[in-house]
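First up is the structure itself, then whatever we jot down about it.
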């Protein structure tokens, strides 16, 4: 791999890294919980072999658990107020170190926005040590004109600030001291880019310092290559992988054909413990964004692929709530597809139903213990029966996996709608013995996989874009009560709609430890949007994410054949009526237009006002408002005349 050299004329004398030289690392951490994700100590442990001293700067709070993770892989920890982003943290660290910097041959300024080492650090340091230079960066960004942040001038070519190394001659220069002394206040992310990241490289090159990039931009396109060409950079030997490709707006990545699964496949090939990535993202990224960016849907075949390890079976509990006893046989037939033995707990709200269920069970030969429980109430239906009726077994550590099912009929829907939803749920989880073996193998292969469930149902249901319904306010309140801080999906939440899934009980502990009561769920009148049962339907992925477990959606190839064709046609029909050719542009247009509400004349006037130039929008609102007043005045006069005529 070649390096790209940045030189001004005349240049100052530059030297390679001396044999036996000493390197100092300043590493900046920010975590909204005050914790430290596990990928951070993994990276720092690898860097200690190249750095004689590690100073970790924490922006914001640091919990005792976070400190315990940092102390074994650092020499000092500096906790500061969370202001000015990582750039001001670098500045504070430089001032904190003061004259100590003169003892070092190189300073690395790095932050926690990357995973690694994906590839070995050794080739990187060996190559860059031999280069005569003053500073170097891991990756770079091409010049952009006009500046996308200010719309004037240009965004200079620059080394990306998540990793910049500076050699002793530059560290001891007046130019270096003046740069940090005069650094302006940084209030926004744009400030951090415009006032530092895009300034630093050009500033020092113009003053005669020589800089290089270890892994240069791969194409002549003006794009963020560390984000959009992450897989190719790894192939080139780059040891770092930026986190951003996995929380970037999925529509933008789709527009540029950036496929996160390709990158994650490369990560696996190079031997990096991918669970460190999944755990971090599950806790800190909107679940539906992660699901899209990392392509977390698994399409499983009916044929057993041989991935399931029968010599390492899971202890499985099937927790089934049966309100309709006539569905008992159908559900048991599905459960028999599970590999190996499993215990079964059936909950039901009435003694008569329990007897009918037991009668059906006598016709079967279960591969484990069987119990039928009559729960104290049908409040909350399957949600309450699971979280209250099965709570003790799920919290006891006895089981590795739980299969949550219920007798689903949805009699309120048309026959085809109810049939499709039921089949989508059961087929996606328990389609056939081979299918289920492949599904359970996912849990064996991924220790951090917390829950799997079908994709969001959309055929026969108006879920797309609307499936928060009236549940979001209560969801936010309940998540806060349970200590769940996973970012909330702006659009439809990633959730097991229909409330059937397979999960590790450990991933559900925030819900199980809540100790709900049947009274909290309310009676039949409370089983609606905004009620506890409907809110809890949307919580499992967030609960799992808070504990560091990631989620996957699963489906059969047969279902995807039906689902994808319907979605493709629907998307085509929507797109054909919108301005612009690119889906990304159309979505941005709709986001600017805002909600159409009920499509009344007033609604469309408001939409037009939002997308029109500001001055025109104001005039349109004013004219329409006057017209509305005139219309109401005319209506009042007509009514007054009619009433007068009636009196005479």
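The values are calculated or read from the model by the stated rules, or taken from the named source; none is laboratory data. These numbers were taken from a predicted model, which means no experiment stands behind them. Note that we place each Cβ from the backbone using ideal geometry, even for glycine, and neighbour counts take in every protein chain shown.
Quick notes
- Cβ pairs under 6 Å, 6+ apart, first in the stretch 173-194 and under 19 Å from residue 93 (Cα atoms), second assigned to a loop (DSSP other than H, G, I, E, B): 175/207; 186/84; 192/186
- Sole exception among (1) assigned to a helix (DSSP H, G or I); (2) in contact with a helix residue (DSSP H, G or I) (Cβ under 9 Å, 6 or more places away or on another chain) for residue 434, by number: (2)
- Test: residue in the stretch 400-416 that is surrounded by 14 or more Cβ atoms within 10 Å (Cβ to Cβ), in a helix (DSSP H, G or I) and either touching a strand residue (DSSP E or B) at 6+ places or on another chain (Cβ under 7 Å) or assigned by TED's automatic domain parsing to the domain that holds residue 323 (or both): no
- Hits in the stretch 1-53 - residues which are in a helix (DSSP H, G or I) and touching a strand residue (DSSP E or B) at 6+ places or on another chain (Cβ under 8 Å): 39, 40, 43, 44, 47
- Of the criteria (1) touching a residue at least 24 places away in the same chain (Cβ under 8 Å); (2) in a loop (DSSP other than H, G, I, E, B); (3) surrounded by fewer than 22 Cβ atoms within 10 Å (Cβ to Cβ), which one residue 127 fails: (2)
- Residue 570 surrounded by fewer than 16 Cβ atoms within 10 Å (Cβ to Cβ) and not assigned by TED's automatic domain parsing to the domain that holds residue 378: yes
- Of the residues making up the stretch 95-119, just one is more than 20 Å from residue 179 (Cβ to Cβ) and surrounded by fewer than 14 Cβ atoms within 10 Å (Cβ to Cβ), namely 103.
- When the residues of the stretch 418-433 are filtered to those that are within 10 Å of residue 460 (Cβ to Cβ) and at pLDDT 90 or above, the one that is nearest to the chain's Cα centre (by Cα) is 424.
- Among the residues of the stretch 465-485, not a single one is part of a loop (DSSP other than H, G, I, E, B), surrounded by fewer than 16 Cβ atoms within 10 Å (Cβ to Cβ) and more than 23 Å from the chain's Cα centre (by Cα).
- At least 2 residues being touching a strand residue (DSSP E or B) at 6+ places or on another chain (Cβ under 7 Å) and over 30 Å from residue 610 (Cβ atoms) is the threshold, and among the helices (runs of 4 or more DSSP H) wholly inside the stretch 507-597 those reaching it are 540-546, 557-575.
- The number of residues in the stretch 358-380 that are outside any strand (DSSP E or B), touching a helix residue (DSSP H, G or I) at 6+ places or on another chain (Cβ under 6 Å) and crowded, with 16+ Cβ neighbours inside 10 Å comes to 5.
- The stretch 512-526 residues that are assigned by TED's automatic domain parsing to the domain that holds residue 474 and at positive phi, paired with ones that are in a loop (DSSP other than H, G, I, E, B) and surrounded by 13 or more Cβ atoms within 10 Å (Cβ to Cβ) (beta carbon under 9 Å, 6 or more apart): 515/388; 522/379; 522/380; 522/531
- Unique residue being within 19 Å of the chain's Cα centre (by Cα) and either farther than 23 Å from residue 398 by Cα or modelled with pLDDT under 95 (or both) when the list is 447, 493: 493
- Among (1) without any contact (Cβ under 8 Å) to a residue 60 or more places away in the chain; (2) under 26 Å from residue 428 (Cα atoms); (3) in contact with a helix residue (DSSP H, G or I) (Cβ under 7 Å, 6 or more places away or on another chain), the one test that residue 311 misses: (3)
- Flag for residue 334 being assigned to a loop (DSSP other than H, G, I, E, B), at pLDDT 95 or above and in contact with a helix residue (DSSP H, G or I) (Cβ under 6 Å, 6 or more places away or on another chain): no
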